[in-house]
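Structure record follows, encoded as structure tokens.
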Amino acid sequence: MRHRLLVVLLLLAGALVIAPGTACACSCALLEPAEQVKGAAAVFTGTVVAARRVGGDPLGTPPPVVYTFRADQIYKGKASAEFEVATNADSAACGYNFVTGSRYLVFAATGRSGLLTADPGVALNTSLCAGNLLVGPGDAALRAGDGLPSGESLGAELVTALGTATPPPATSSPTAVATPAPDASGGGPIPIWIYTGVAVTGAGLTFTGWRFSRRRGRSRRLPD
């Protein structure tokens with residue numbers, strides 16, 4: 001009996017050592033939308049275009065993930081066409097699992113969050129408690145009553161807390177089209193047909209002068 005009890009205790013202890021992450025769960029304090037905006041350094045809507053895992057100890061806690069967003073509307077923070085945001089890989093450690101190709105309302109903070117076990121090398125981070133929200137595709141500013149993928153509607157309190165949105169800066173400027181320089185008279189470039197006409201007229205006058213000079217030469221050589 002004692003032998004069996006000892007085996008059970010050893011198995012339980014081994015399970016706790018092997019999978020420490022399963023013994024805890026993320027617990028978030030309920031924040032009002034205004035508090036979520038105030039606590040964030042950057043608030044924007046954007047689509048996930050890339051994700052990469054930060055290097056760490058493969059035998060330890062899963063290292064954080066850095067997501068790249070293509071922004072479409074910015075509510076707070078520096079205007080940028082793209083944002084890199086780090087979060088824990090495990091939701092039990094309050095990591096937020098963004099899906100590539102989906103659009104989100106993101107609340108990102110600066111500085112060390114206290115949750116990341118490895119330095120992600122980016123300035124912004126977020127968590128399951130930040131207030132991130134999966135929104136519908138598009139690039140327009142969020143409005144109260146907009147339908148969400150969850151089947152709910154966007155609340156007026158959140159939209160009011162977000163305030164006015166601004167689009168991100170353009171990633172590239174349009175290519176300038178070169179235009180012909182005007183001539184000295186200010187009348188624009190000289191058409192090619194004028195050059196052609198002048199050349200033909202000059203050639204005709206030259207030929208006429210040559211024939212006239214030959215006739216005069218002959219008339220001088222004739223006897224009286």
Discussion item. So, Ala118, is that one in a strand (DSSP E or B) and either at pLDDT 95 or above or open to solvent by less than 30 Å² (accessible area, probe 1.4 Å) (or both) or not?
Written reply: no
Item to complete: Search the range 19-37 for residues that are at pLDDT below 90 and pair each with any residue that is surrounded by fewer than 12 Cβ atoms within 10 Å (Cβ to Cβ) when their beta-carbon atoms are under 7 Å apart and the residues are at least 6 apart or on different chains.
Response: Ala23/Leu16
Worksheet entry | Sole exception among (1) β-branched (Val, Ile, Thr); (2) at pLDDT below 95; (3) under 16 Å from the mean Cα position of the chain (by Cα) for Val66, by number | (2)
Discussion item. Restricting to the range 77-90, give me the number of residues that are in contact with a Phe, Trp or Tyr (Cβ under 8 Å, 6 or more places away or on another chain), open to solvent by 60 Å² or more (accessible area, probe 1.4 Å) and over 14 Å from Ala170 (Cβ atoms).
Written reply: 1
Fill in: Filter result for the condition that a residue is at pLDDT 90 or above and open to solvent by less than 70 Å² (accessible area, probe 1.4 Å), over Gly145, Gly111
Gly145
Discussion item. Looking only at the range 143-159, how many residues end up being part of a loop (DSSP other than H, G, I, E, B) and not acidic (Asp, Glu)?
Written reply: 9
Item to complete: Give just the number: which of (1) part of a loop (DSSP other than H, G, I, E, B); (2) modelled with pLDDT of 50 or more; (3) out of contact with any Ser or Thr (no Cβ under 6 Å at 6 or more places or on another chain) does Ser213 not satisfy?
Response: (1)
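The values are calculated or read from the model by the stated rules, or taken from the named source; none is laboratory data. What you see is a predicted model, and the numbers here were worked out from it, not measured in a lab. When we count neighbours, we look across all protein chains shown, and the Cβ atoms used for this are built from the backbone with ideal geometry, even at glycine. Just the protein is used for accessible areas: all its heavy atoms, side chains included, with ligands, DNA and RNA removed. Shrake-Rupley method; radii C 1.70, N 1.55, O 1.52, S 1.80 Å.
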